[in-house]
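Take a look at the structure set out below.
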Amino acid sequence: MRKHTAGLRLVDVAEQAGVSIATASRALSGAAGVSEALAERVRAVARDLGYVANVHARSLASGASPGVGLVVHEIGDPYFAEIASGVLEVAGTHGRMVQICHTGRDPFTEVAQLRALVNARVGIIVVAGSGHLDRDVQSRMKAEVQAFESAGGRVAVIGRHPHLGVDAVVPANVEGGRAIAGHLLGLGHRRIGIAAGSRMLATMADRLDGVSRALGEHGLTLDDLPVVEAEFTLDGGKEAARRILDEHPDVTAILALNDDMAVGVLSVLGERGVAVPGEVSVTGFDDVTVAGHLSPALTTVRLPMKDMGRQALELALLPRAARPRRRTAEQELMVRASTARVGAIRQARTSQPGLNRRSTTAHDES
């Protein structure tokens, strides 16, 4: 049975763990002087009891505004860098410092980073990036978030995290997936390779759902296309592109489900002398700053990433509502030079045989 957590004090944790109050405090704050084994035992007792240090009380006592913790999957990814800039902008106007945690896309590291931010006494946590569909990860995240909020902290997320029950800024990923796939299908493409991240990410599930809807409007399903899962990174895009080209050399387009992967796809096509869009059209998703400056400029789906960061922190700065607030970040299709009609591809192959460096079997579209 879940313990009643109202009124829990540090002394309760110390007594249950069999340590002094000072030792319990050092263990929970991450201070020196406590072995890792003992610290973990104290943290385990605190989790079992549902105790989290009241970060707001501590901050008020010190006269400082509670800090903000930002959890991102990959700080080197332009998507998260742009979100972070929005969070930092709002934090600056409120005189709050921001601590940024990088999970390396490991869901269990994400849980650990949440705990580290709580121990660092932040008052607000913004989780940027996709929710995970793994039930174990979901339950661990939910436990950490609920304990933090029950002690007075505030949490907001960017992306779909329905299990957490907190304020959220949700990108229009389904609509974006439908728009970008519909664009390629409207250009006559039917042999489309998809460079995707893990389907255990809610973002990926949503974007693929949108692609599936567009395909359905043209009598196709995802099972009719090569969908290659790889890391949701530039290197992952390279890996996916190589597999698609090696195993499905007749593709006329590659749809990458984020811009980082799309850059990797373009790199591999360049290495192999495949013209874009002369032989293969390429699309991305997100519209990071560099997307419009690539050669060719990337057709992609624009999400207002910096504004998403701003909105998430603005939500977290509000008092907790009876029901979680939800804001939708709209998408916009950005058509640029990396895509062309299939007819133009056929003409390029006929008039410039030198471009035809891949298998040319069954290129005609139905």
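Listing for the model above:
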read-out: Positive-pole candidate from 237, 267, 285, dipole of the range 235-323, charges at beta carbon; value: 285
read-out: Intensity falloff of the range 211-339 expressed as log10 I(q)/I(0), Debye formula with alpha-carbon point scatterers, at q = 0.17, 0.21, 0.22, 0.23 Å⁻¹; value: -0.91, -1.21, -1.29, -1.37
read-out: Within the range 80-182: Cβ-based charge dipole about Cα centre, in debye rounded to nearest 20 (Lys, Arg +1; Asp, Glu -1); value: 160 debye
read-out: Residues with amide H under 5 Å from that of residue 253, placed H, sequence gap 5 or more; value: 193, 281
read-out: In nm, spacing of pseudo-spin labels at residue 223 and residue 134 (7 Å Cα→C-beta vector); value: 2.8 nm
read-out: Residues with amide H under 5 Å from that of residue 101, placed H, sequence gap 5 or more; value: 70, 71, 72
read-out: Accessible surface of the chain [probe 1.4 Å, protein heavy atoms]: carbon and sulfur percent; value: 50 percent
read-out: Heavy-atom SASA rank of 248, 94 (probe 1.4 Å, accessible area, largest first); value: 94, 248
read-out: Rounded to the nearest 10 Å², the accessible area of residue 314 at probe 1.4 Å; value: 80 Å²
read-out: Sites residue 112 and residue 293, calculated FRET efficiency, Cβ-Cβ separation with R0 30 Å, nearest 0.05; value: 0.25
read-out: Simple Cβ-charge dipole of the chain, Lys/Arg +1 and Asp/Glu -1, about Cα centre, in debye nearest 20; value: 900 debye
read-out: Coil-residue trypsin sites (Lys or Arg not before Pro) of the range 157-200, DSSP, other Cβ within 10 Å capped at 16; value: 199
read-out: Under 5 Å, built H, 5+ apart or other chain: amide partners of residue 125; value: 69, 154, 155, 156
read-out: Approximate spin-label separation residue 335-residue 41, in nm, with each point projected 7 Å along Cα-to-Cβ; value: 6.7 nm
read-out: Contour excess over end-to-end distance, with Cα ends at residue 11 and residue 321 and 0.36 nm allotted per residue; value: 108.5 nm
read-out: Å² per residue, accessible surface of the range 142-212 at 1.4 Å; value: 26 Å²
read-out: Packing rank of 324-334, 111-121, 277-287, where each peptide gets the mean count of other beta carbons within 10 Å, highest leading; value: 277-287, 111-121, 324-334
read-out: Area of residue 83 that stays accessible when all protein chains are in place (1.4 Å probe, Å², to 10); value: 0 Å²
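The values are calculated or read from the model by the stated rules, or taken from the named source; none is laboratory data. Bear in mind the structure is a predicted one, so any value in this text is a computation, not a measurement. For neighbour counting, all protein chains shown are included, and Cβ atoms are generated from backbone atoms with ideal geometry for every residue, glycine included. Accessible surface is based on the protein model in full, side chains and every heavy atom, while ligands, DNA and RNA are left aside. Shrake-Rupley method; radii C 1.70, N 1.55, O 1.52, S 1.80 Å.
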